[in-house]
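The values are calculated or read from the model by the stated rules, or taken from the named source; none is laboratory data. Values in this document were obtained by computation on a predicted structure and should not be read as measured data. Cβ placement follows ideal geometry from the backbone for every residue including glycine, while neighbour counts extend to all protein chains displayed. Note: accessible area is taken over every heavy atom of the protein model, side chains too, but ligands, DNA and RNA are not part of it. Shrake-Rupley method; radii C 1.70, N 1.55, O 1.52, S 1.80 Å.
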Amino acid sequence: MKTRPLAVALLLALAPATFPTLVLAQPADDATTSMARARFKEGVDFYDKGDFEQARVSFLQAYALKNHPAVLLNLAWSCVKSGHALEAEKYFKKFLAEGKDITDKQRADANDGLTQARSKLGRIEIAAPAGTEVTVDGEKVGTTPLTDPIAVEAGAHTVKFKGSDGGTDTQSVTVLGGEKQTAHFGKAGAATATPPPATTPEPSTPPATEPAPVETKPAETPHPPPGAESHGTGPLSPPVTLWPAIVLGVAAVGGFVGAGVMVGFKNQAQNQANSTAAQIVGHGGGSGTCSVPIAQNYQQACAAYTTDNNQVNQDATAGNLLIGVGIAATVGFVAYWLLADKGGSGSSGALHPVLEPVVGRSLSGMSLSASF
């Protein structure tokens, strides 16, 4: 839509100058005309800025003051642009029906806008006997037969029927833009009047059918316990007493993690010892410099070298011990998990492991024994 030519045309039509063909029948520059002109100019400014909702409001106010065709056409276009397709269709149709002196360009512009508005609207066709009162979304549309399908905004709508015999029906119809759906009058009011004779004997039948399921349900309740008895009897099922497995698992993880930490410390100490040895050699010392009576200039370096080597040995020993703890705890965890009491229904074939510490002069660790 090009608003500027329409705006200029309307402003000229509403101007107070001495135009003999002025459409307005009132005095040229009365208060109503001035207000209509001001609202129309506001609408044009809003439209040019892309604020179509405000343009629609301004054009609506201008048209309420002066029913001028140019205002109506601008109002219709602002409705299309602001998402009020149903209003736009009404205003375009009114412009084409009532406009007597409109130009061919304005007529083509209005037909183009009407096509755009209708493409965004849905249509609801009514299938109902003659004389049925039809209401859509709380607004009375008319009485059947209707000449055309009902134009509605895209979305869900509530269609209510009231027949000439007093029967009523309500339907929810969802329609998309450019789509048509049919709402059928199902005579719900007449249908609800006939079921009572059929429903009166039914209260006597449910009592006869209800006791049967009530008796079967108590019989079903004992079934879960037998299923629970078989739970946990597999070799990989968790033991009844979990805390030994938890302790052994934590010990295994702690042993391996601690061993890794000590390996890191050992490597750090070894690097420091190698660096110190390289410095001694770089200052003229040899491989045996620190094993003979130490010269004064190597005394501090040899002391640092000896300390680093001692730290390497200590870290290596601690790491080996922690690896042993991790391995022993892992073996204990696996053995306990496989051999411990699983909580089966019987004791036949079950193993009862005993995990005991063993400490001796040449042996230390854990002893695992089991009895049947």
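Computed over protein heavy atoms with a 1.4 Å probe, the accessible surface of the range 37-142 works out to 48 Å² per residue.
A cut-off under 13 angstrom between Cβ atoms defines the neighbours of residue 102, and their net charge, with Lys, Arg +1 and Asp, Glu -1, is 0. A simple rule links phi to the HN-Hα coupling: the Karplus curve 6.51 cos²θ - 1.76 cosθ + 1.60 with θ = phi - 60°, which for the range 148-160 gives 9, x, 7, 7, 9, 5, 4, x, 8, 9, 9, 10, 10 Hz, with x for Gly and Pro. Take each peptide in 124-136, 146-158, count the other Cβ atoms within 10 Å of every residue, and average; sorted highest first, the result is 124-136, 146-158. Considering only protein heavy atoms and a 1.4 Å probe, what is the carbon-and-sulfur percentage of the accessible area of the range 58-130? Result for the range 58-130: 50 percent of the exposed heavy-atom area is carbon or sulfur.
Using C-alpha pairs below 8 Å separated by at least 6 residues, the relative contact order for the range 57-192 is 20 percent. Exceedance of the 29 Å cut-off in Cα-Cα distance is limited, within the set 66/162; 66/90; 100/162; 100/140; 81/160, to 66/162; 100/162; 100/140; 81/160.
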